[in-house]
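S.K.: For reference, the structure I am asking about is given below.
The values are calculated or read from the model by the stated rules, or taken from the named source; none is laboratory data. Quick caveat, the model's predicted, so the values are computed rather than measured. Glycine gets a Cβ as well: all are built from the backbone with ideal geometry, and neighbour counts include every protein chain shown.
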Amino acid sequence: MTLPARMKFGTFMAPFHQLGEDPTLALERDLELLQWLDYLGFDEAWIGEHHSAGWEIIASPEVLIGVAAERTKHIKLGTGVISLPYHNPLMVANRMVLLDHLTRGRVMLGVGPGALVTDALMLGIDPATQRPRMDESMSIITRLLTSNEPVTHQSDWINLTGARLHLRPFTQPHMPLAVAAAGSPSGMVMAGKYGLGVLSISSPRGEMTLNDFWHIAEQTASEHGKTVDRKEWRLVLHAHIAETKEQAMAEVRARAGTYWRDYFEGTMGFPQPFEADKAEIVNKMDERHIWCIGTPDDLVAAIHRLDDSSGGFGGLLIQQVDWATREQVMHSFELIARYVKPRFQGSLAGLEASQAEAERAAQQVRTLREDATGRARAAYEEHTSGAPTAGG
């Protein structure tokens, strides 16, 4: 097993809200879930940025993080992710440093090129330029965060003259930085180039394995004199947990099919991975280990599979989807907190060792207890037998 002694657990909140529901209430449920995860002891939550297609309705992760920070105490809150080609890099850095101070160091900066082509088209951005622009922007952001020297940079979309951060980061040297990596190797290349953490889906698209993906980051880091750390590699997994596998399947079956077929295939234009009715999609995804729908033990097994296929990673992020009722989603996270998280964070080792030691000594303890009880009874009887009778 190559996992760290204490693996991080969290959520990746795009979020995905099915059409037809009140969006204001959906945002409140997102905030309620973040409060619940904070209570349950989850380590972190990453909140997305999207501007089109109807389902992913948070336009500014920074704004939602600011609200969530006031409602939570411990959980770290990250941008999952800011689409760098949509923003001036100085403004991105300034907003994140402000949040770093307001949260007293609970904020993380996750970046990406922008997941929705429809976002880029509305902004007049050629999708082919998004990944190069992400790299260009990140080079400026890292300079702003790590140096007091002014930055001057001119290109076809950025114009900075003597730019610097007048408010320096609260976290030293700066808040944690991570990049999204999904279908193409560009995210892993950028992670290696700048020594960043990584947020990636647990089932990479194409022929590459998770371990292949990580080797790209390591090789690129070596070429640029940087290092990357598997402990800062988070894998995003679709998961829903209940007391039995049958129950978990039943809870998500209808909405999971709609989520995949209507949004990813119908709205986003993803290819159909297999022939299946909507009601069977959840079975196919679970059978192929793309999703994990089942019991806490099923999720434990899934984590071990990811460990084997990746060569080791540092955090598991549960993809937040409205594919069950509010109560069922909350209960799923509670089961993860109670029965999965402790197995990968060292919380049970001492308790299990103590119980096993007591079990081995049970017969000896029983004999000693019986002996002590017998002695106490004999002493009492001896004492009372010598006591004067009433009226004596």
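Rundown of residues vs (1) at pLDDT below 95; (2) of a type in the set (Ser, Thr, Tyr); (3) in contact with a Lys or Arg (Cβ under 8 Å, 6 or more places away or on another chain); (4) over 20 Å from residue 331 (Cβ atoms), yes/no style:
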position	(1), (2), (3), (4)
4	no, no, yes, yes
11	no, yes, no, no
22	no, no, no, yes
31	no, no, yes, no
35	no, no, yes, no
48	no, no, no, yes
66	no, no, no, yes
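S.K.: Sticking with this structure for a sec: Limited to segment 305-338, what total is found for residues that are under 17 Å from the mean Cα position of the chain (by Cα) and more than 19 Å from residue 45 (Cβ to Cβ)?
M.R.: 4
S.K.: Filter segment 137-170 for residues that are within 26 Å of the chain's Cα centre (by Cα), closer than 15 Å to residue 85 by Cα and of a type outside the set (Val, Ile, Thr); which is surrounded by the fewest Cβ atoms within 10 Å (Cβ to Cβ)?
M.R.: 139
S.K.: Restrict the check to segment 2-13 and report whether at least one residue is crowded, with 16+ Cβ neighbours inside 10 Å, in contact (Cβ under 8 Å) with a residue 24 or more places away in the chain and closer than 24 Å to residue 137 by Cα. Quick ask: steps written out before the conclusion?
M.R.: Of segment 2-13, the ones crowded, with 16+ Cβ neighbours inside 10 Å are 3-4, 7-13.
If we keep only those that are in contact (Cβ under 8 Å) with a residue 24 or more places away in the chain too, we end up with 3-4, 7-13.
With the extra rule that they be closer than 24 Å to residue 137 by Cα, the set shrinks to 12-13.
Yes: one or more hits.
S.K.: Going by the conditions given, is residue 243 closer than 19 Å to residue 329 by Cβ, in the same structural domain as residue 20 (by TED's automatic domain parsing) and assigned to a loop (DSSP other than H, G, I, E, B)?
M.R.: Numbers: closer than 19 Å to residue 329 by Cβ: yes; in the same structural domain as residue 20 (by TED's automatic domain parsing): yes; assigned to a loop (DSSP other than H, G, I, E, B): yes.
So residue 243 passes the test.
S.K.: Of all the residues that make up segment 187-206, how many are within 24 Å of residue 95 (Cβ to Cβ) and more than 13 Å from the chain's Cα centre (by Cα)? Even if it seems obvious, please write down each step before you answer.
M.R.: At the first step, the residues of segment 187-206 found to be within 24 Å of residue 95 (Cβ to Cβ) are 187, 190-191, 193-199.
When the remaining residues are screened for being more than 13 Å from the chain's Cα centre (by Cα), the result is 187, 190-191, 193-196.
Result for segment 187-206: 7.
S.K.: Same structure again: Quick one: which of 47, 57 is in contact (Cβ under 8 Å) with a residue 40 or more places away in the chain and either under 23 Å from residue 176 (Cβ atoms) or surrounded by fewer than 22 Cβ atoms within 10 Å (Cβ to Cβ) (or both)? So that I can check it myself, show each step before the final result.
M.R.: Numbers: 47 fails: in contact (Cβ under 8 Å) with a residue 40 or more places away in the chain.
57 is the lone residue from the list that is in contact (Cβ under 8 Å) with a residue 40 or more places away in the chain and either under 23 Å from residue 176 (Cβ atoms) or surrounded by fewer than 22 Cβ atoms within 10 Å (Cβ to Cβ) (or both).
S.K.: From the list 155, 139, which one is closer than 18 Å to residue 174 by Cβ, out of contact with any Gly (no Cβ under 6 Å at 6 or more places or on another chain) and assigned by TED's automatic domain parsing to the domain that holds residue 87? Working first, answer last.
M.R.: Numbers: 155 fails: closer than 18 Å to residue 174 by Cβ.
After ruling out the rest, the residue left standing is 139.
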